[in-house]
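Right, one structure below, let's go through it.
Read the figures in this text as sums done on the coordinates, not as results from a lab. Because the structure is a prediction, the values reported are computed rather than measured. Positions of Cβ are generated from backbone atoms using ideal geometry, with glycine treated the same way; all protein chains shown enter the neighbour counts.
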């Protein structure tokens, strides 16, 4: 199973804290995160984030459902719908 990697902004939103809190924990070595290259954004393993949140007592450490990539109202009514992941898919007829 692939590890779930999330951005700093997603981690902050999940925990209800500001991005600076997440970045500070990374820079202090309290929260593990990786960068592919010098200029790439931090990527945090979801398991590491939840472990860190549990140790520090940050409340609200839950795994949210991903927001749809598009709103249903933006899709023309031509037999397309959003599937459970938020991707556009053909409408299935019974």
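The table that follows gives values for the structure above.
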{"item": "Residues of region 23-38 classified as in a helix (DSSP H, G or I) and in contact (Cβ under 8 Å) with a residue 24 or more places away in the chain, total", "result": "1"}
{"item": "Considering residues of region 39-61 that are in contact with a helix residue (DSSP H, G or I) (Cβ under 9 Å, 6 or more places away or on another chain) and in a loop (DSSP other than H, G, I, E, B) only, the residue surrounded by the most Cβ atoms within 10 Å (Cβ to Cβ)", "result": "42"}
